[in-house]
2 protein chains.
Amino acid sequence: MEGLVLCSANYTPLTPLSFLERAAFVYRKRVALIHGNTSFSWEDLHGRCVKLSSALFQLGVSPGDIVAAVAPNVPALYELHFSVPMAGAVLSALNPRLDAATLALLLQQLEAKVIFVYSDFIEIVLEALNVLQEKDKPHFLALINESSNEKELPVSLPPTKILDYHTLLEMGQSNFKIVYPKNEFDPISISFTSGSTGKPKGVVYGHRAAYLNAIADIFRYEMQNMPVFLWTVDMFRCNGWCLPWTVAALGGTNICLSKISGKEILDSIYLHNVTHFCGAPMILTKISDAIATNQPLLPHQVNVTVAGVLPPPEILTKLEELGFNINHAYGMSEALGPMISMSRKYQDDFSNSNEDVNMKIREGIHSIMMEEVDVKDPESMKSVPADGKTTGEIMFRGNAMMLGYLKDTTKTEEAFEGGWYRTKDLGIKYPDGYIKLKDRAVDIIKSGGKIISTLEIEAVLIRHPMVLEAAVVATPDDVVGETPCAFVKLKEGCFVTDEEIIKFCEDWLQDYMVPKAVIFGDLPLNSSGKIQKFILRDKAKTLKWALS
Amino acid sequence: MEGLVLCSANYTPLTPLSFLERAAFVYRKRVALIHGNTSFSWEDLHGRCVKLSSALFQLGVSPGDIVAAVAPNVPALYELHFSVPMAGAVLSALNPRLDAATLALLLQQLEAKVIFVYSDFIEIVLEALNVLQEKDKPHFLALINESSNEKELPVSLPPTKILDYHTLLEMGQSNFKIVYPKNEFDPISISFTSGSTGKPKGVVYGHRAAYLNAIADIFRYEMQNMPVFLWTVDMFRCNGWCLPWTVAALGGTNICLSKISGKEILDSIYLHNVTHFCGAPMILTKISDAIATNQPLLPHQVNVTVAGVLPPPEILTKLEELGFNINHAYGMSEALGPMISMSRKYQDDFSNSNEDVNMKIREGIHSIMMEEVDVKDPESMKSVPADGKTTGEIMFRGNAMMLGYLKDTTKTEEAFEGGWYRTKDLGIKYPDGYIKLKDRAVDIIKSGGKIISTLEIEAVLIRHPMVLEAAVVATPDDVVGETPCAFVKLKEGCFVTDEEIIKFCEDWLQDYMVPKAVIFGDLPLNSSGKIQKFILRDKAKTLKWALS
């Protein structure tokens, strides 16, 4: 068609950096971030990010370079979500609770030019750097010190020079011209998978996906203009589900906590009028434990979204009675965090029309800006019938998706085989299109021609009043192929026999799903707090020989 | 960076077509559209659009072809917003109130392969087609008939064949594979400017801009999931501000009216629980006139957004007391409709801090997804000081912008000169970044070194209790260059002298702004209902000679 032109008037690469630029202009003096006694307005925060960005440029950071960060949810990590890409670089926020060996492995992959380290984690980072070859070491290590907990360090650690976050801020120019991405598919960040199924993989996000997912978050978590967001989800996990960028888009207020306990969360909600927070289901249990007998009702409805297996119904009800609106989400690093989310309140709409209790704890349906979510036969790529029964692989596709795995084209192509992202999660689809997660493909138990979801057995086990945590894996069985074996950690001071646990399961589950063995003890967790089922599977195999 | 891949798993061209696909899947049986006794669910509507799209394909419509429509806000026009691009084609919805000569001019530019015509407008379209050369005539004319008002037509009008909307729906295949754009910058629609400053220009929108602007509309008009949208804004005007696509994105309900009167609007609000509607400021006056003495309060807050000069404060207050939340918007065809919008309620926040009444009726600040909005010196392209005084040209840039003018690269390049869209509107910027429109550059009056905004004088004139409509233009003046001349249409049965009008203006305006002459009578309107100031300017010139 004649007469058309693309130029800066009608085309700008989509990037979440534009959210901060706009927030500084539109929301100005409104509080952007609170951490203890510190608080910054959107103007302040923008100014700090520009200066930090300028300092990175002065350190020689160029477009495409990687800047890593090892820090909890402190204001500096929030700022790095903007200032690193504002220098054209790519942020990799790492889990500060990794062991030195794993951290070294990731740093080796990253070849980061600068590493920001929160003072509490300096020892582990130095230990990891020791393992690295000279060529993989960063040029600079920037220490994030909080006055309460200042660390003394050598001035350099050849070839790495040591700097300090405040010094960087001081050396930055406030008139630095930030680097916009030339192409909206340029990388903005790298998040590592938790490695529950193997070595952590570096998942690369692009500016466009981050922008679109940050907007999708607004719908996914039912946000409105100027929310008050409490940081309980780790920013190193899928860039805090892209929420640092979402909060800037809406000119909201970020609340950072020094310690994420049930009491701190509750206190912050009343103090700051928190409207939203997110994280692992464990936060619900923490809050529940912290609720006092005469706890006042929440000042208004507070939206909390958790990704993972929900805690027992009593805990949910207790929280809902206080004023929480609990949402249940499902996603993964590759999809920039939760890709679908569903309010329990909304799920109640289905409870009268159907007796299947599973209907109420489904994963949801594709949200706005997500192209397609489906359950498919992984061989034929045909959709399974939407009958609430037939199992298939959950797959999806859309713009809010990773660009691929860092330096691993083979794994990227495998993940995108057939033009869909293959979650390796098994699920079913209901007649109304809603999806329910059954299990990880590797975790599923195949017993006498039947498929058993370990998640469903675990959901029953944690309803037992004495059970704190539970994990179910397959034990080899000569007759039916595999049978369920339960690993159970009891609450402190509790005692219960394996027969009692099995009896309890019999009340809730069909015969073939009831665990044939129950083993008590601590469960092996990885650095993200996820249960390492592959270790339990090995244990369960030995058990088979012990039992036979 | 190694390991990254772009494929259908992580990249889909942005297009509002995905909103309908998703709505059919997620919202299913929910009501998508109501028109009198007709109503369609999202599944129905999707099915109809697929079939119509298939029928267009059967008629030989190929990607890039243009399909025109001459119709009011009937369900068919809503459906064409999806079914035409679903066949890969480009929709041009035309103002059905154009005269035959103008319509012929536009059709000649478009070379549309198919024209959809609502039965009421068939005569004017046939008249326009008569003027066209054979090569510019459409292959098909599809009649949109409503049972109440069926028209008989010849079966063909060589070379144009005549068809009927229902026949097309019947011939369409429901398994037609819709055509997604290959490139998100592919055109989706062409809207014509109202031609208030010359010949109407064909403004071309792309899929990406339409998608992003439809999402931006959610924030701009403060919408939430499943709104009930009343169609008072014309769908032929900037594709109804992109709202056909927005309502699908949110799974809302569209209410189409046969007649847009104040009473019909009010009745629909109570009947359907309307949450949002939009249009020209005249709708507020119509509603105000239709409010009965014992009018019950609205069932909940209803958001209404109008673009243009607001009616007098009494009308606004009357509506607000009933439960309307009035928003004031500013935009143009080139920006896909209003690009900024501001709630009057929010503007009240400023009223205490500043005595400038203009602060309360400012145009707003750039909304989410709009890159930059500024007031600049059109020569130097420097921003004017944000002092609420210095006049400059309002300019902006962002992704929600036209691709250009159809077949007119020169005008496109002129509009985007310097990488910003130049509105040719004059405005000022306040210290808080908010923008206030002063006037169209061509309308402004230059009097003794001072700049006079005709909009400000008009806002005073319509406050006079006997004035229905007013327009102010410049009269040449030998001493000060130009002086304001007011053209005024009085309300029925009213009488007032020019001295009284001038006296009234003196109470509200500074001396140099008071009109030196007042002329009573009907105002010349174009087919969009906009006052044609260029005609008044010519009249005012003659007046100068008459007065001297």
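A few notes on this one:
- Treating each Cα of the range B:367-522 as one equal point scatterer and applying the Debye formula with no solvent, the log10 of I(q)/I(0) at q = 0.08, 0.11, 0.13, 0.21 Å⁻¹ comes out as -0.31, -0.56, -0.73, -1.21.
- Degrees separating the helix B:42-58 axis from the principal Cα axis of chain B, which is the longest one: 70
- As a length-normalised measure over Cα pairs under 8 Å and 6 or more apart, the relative contact order of chain B settles at 11 percent.
- Euclidean distance of C-alpha centroids, the range B:284-349 and the range B:166-205, integer Å: 30
- Taking every DSSP bridge with both residues inside chain A, close to 55 percent are antiparallel.
- Of all DSSP-defined beta bridges confined to the protein assembly as shown, some 55% are antiparallel rather than parallel.
- Relative contact order for the range B:53-122, counting Cα pairs under 8 Å that sit 6 or more residues apart, in percent: 45
- Cross-link check: pairs B:177/B:259; B:199/B:411; A:199/A:530 evaluated at a Cα-Cα cut-off of 24 Å; pairs beyond the cut-off: B:177/B:259.
- Cα centroid separation, the range A:54-94 to the range B:425-485 (Å): 50
- In terms of Cα atoms, the Rg and Dmax of the range A:225-281 work out to 10.8, 29 Å.
- Each other copy places its own label point for residue A:271 at 5.5 nm from this one, sorted shortest first, where the point lies 7 Å along the Cα-to-beta carbon line.
- Computed E for residue A:108/residue B:282 - FRET, C-beta separation, R0 56 angstrom, nearest 0.05: 0.25
- Cross-link pairs A:318/A:541; B:382/B:516; A:436/B:29; B:161/B:407; A:286/B:29; A:51/B:182 - those with Cα-Cα distance over 30 Å: A:318/A:541; B:382/B:516; A:286/B:29; A:51/B:182
- 7 Å along Cα→Cβ, label-point gaps from residue B:139 to other copies, nm, shortest first: 6.1
- The convex hull around the C-alpha trace of the range B:1-106, projected and averaged over every direction, spans 10.2 square nanometres.
- Extending 7 Å from Cα along the Cβ direction at residue A:511 and again at residue A:258 yields two label points whose distance is 6.0 nm.
- Computing FRET efficiency as 1/(1 + (r/R0)^6) for residue B:389 and residue A:301, where r is the C-beta to C-beta distance and R0 is 41 Å, gives about 0.40.
- The mean of 1/r over all distinct Cα pairs in the range A:443-534, once inverted, gives the Kirkwood hydrodynamic radius of 13.4 Å.
- Mean projection area, nm², convex hull over Cα of the range B:102-163: 3.8
- Residue of chain A with the smallest Cβ distance to the axis mapping A onto B, distance rounded to whole Å: A:215, 3.
- Other-chain or far-sequence residues with amide H under 5 Å of residue A:340's (modelled H): A:330
- Qualifying GluC sites (Glu not before Pro) in the range B:1-62, DSSP loop, other Cβ atoms within 10 Å at most 15: B:2
- Distant-in-sequence amide contacts of residue B:92, defined by a placed amide H-H separation under 5 Å and a gap of 5 or more residues or a different chain, comprise B:67, B:68, B:69, B:190.
- Taking a Cβ cut-off of under 12 Å around residue A:302, the surrounding Lys, Arg, Asp and Glu residues balance to a net charge of -2, with basic ones at +1 and acidic ones at -1.
- DSSP bridge orientation in the range A:135-287 - percent antiparallel, rounded to nearest 5: 45
- Hull volume per residue, based on the alpha-carbon atoms of the range A:194-306 and their convex hull, is 111 Å³.
- Footprinting exposure proxy ranking of A:402, B:381, fewest other C-beta atoms within 10 angstrom first, gives B:381, A:402.
- Value at 222 nm in deg cm²/dmol, rounded to 500, when DSSP H runs of n ≥ 4 in the protein assembly as shown each add -39,500 (n - 2.57): -9000 deg cm²/dmol
- Gyration tensor (alpha-carbon) shape descriptor, the range A:92-133, a/c threshold 1.5: rounded
- Relative to its Kirkwood radius, the Cα radius of gyration of the protein assembly as shown gives an Rg/Rh of 1.00.
- Local net charge near residue A:381, Cβ-Cβ under 11 Å (Lys/Arg +1, Asp/Glu -1): -2
- Proximal charge balance of residue B:259 [Cβ under 13 Å; K/R count +1, D/E count -1]: -2
- For the range A:92-229, the relative contact order is 18 percent, taking Cα pairs closer than 8 Å that sit 6 or more residues apart in sequence and dividing their mean separation by the residue count.
- Order of A:514, B:373, A:204, A:479 under a 10 Å beta carbon neighbour criterion, fewest first: A:479, A:514, A:204, B:373
- Kirkwood Rh, Cα atoms: Rg over Rh of chain A: 0.97
- Taking every alpha-carbon pair within the range A:65-145, the share separated by more than 20 Å comes to 22 percent.
- Between helix A:17-26 and chain A: long-axis angle, C-alpha atoms, 0 to 90°, nearest 10: 70
Read the figures in this text as sums done on the coordinates, not as results from a lab. Here the structure is a predicted model, which means the values were calculated and not measured. Using ideal geometry, Cβ is built from the backbone for each residue, glycine included, and neighbour counts are taken over all protein chains shown.
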